[in-house]
Amino acid sequence: MRFAVILAVVLALAGCGSSPPADSGAPGQPDDVKVGLISILDVAPIYLGNEKGFFEKRNIKLTLQPAEGGTETVPSVLSGNQQFGFSNVVTLLLARHRGCR
């Protein structure tokens, strides 16, 4: 539940980014999705889903990119380098306070 809430907030903040969304590629080709993840237990489900083929079955080429903290994932999502990122509430609130609406 906590993962879903934080992911939703990151997606809402993505509206601050200046880059257009990446092209999903040719029809029938897997969608490339990059996810920034901090090293905490809460992100274990995405690793498990990737290992069990959850994303591959849905034609998603998932790239998991470890990060030291939310201060790395938020800017990366906002710039379009990653489509999703896991962060912490404080980092997300600071990003919002600094003008990401």
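The values are calculated or read from the model by the stated rules, or taken from the named source; none is laboratory data. Since the structure is predicted, the reported quantities are computational estimates derived from the model, not experimental observations. We place every Cβ from the backbone using ideal geometry, glycine too, and count neighbours over all the protein chains shown.
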Review point. Being in contact with a Pro (Cβ under 6 Å, 6 or more places away or on another chain), among the basic types (Lys, Arg) and without any contact (Cβ under 8 Å) to a residue 60 or more places away in the chain, is that true of even one residue in the range 46-61?
Key: yes
**Study point:** Flag for ALA4 being modelled with pLDDT under 80, within 12 Å of the chain's Cα centre (by Cα), not in a strand (DSSP E or B) and not polar (S, T, N, Q)
**Key:** yes
Exercise for review: Being surrounded by 14 or more Cβ atoms within 10 Å (Cβ to Cβ) and without any contact (Cβ under 8 Å) to a residue 40 or more places away in the chain is the filter; apply it to the range 70-93 and report the residue that is farthest from LEU41 (Cα to Cα).
Suggested key: PRO75
Point to revise | Enumeration of residues in the range 57-69 that are basic (Lys, Arg) and surrounded by 13 or more Cβ atoms within 10 Å (Cβ to Cβ) | key: LYS61
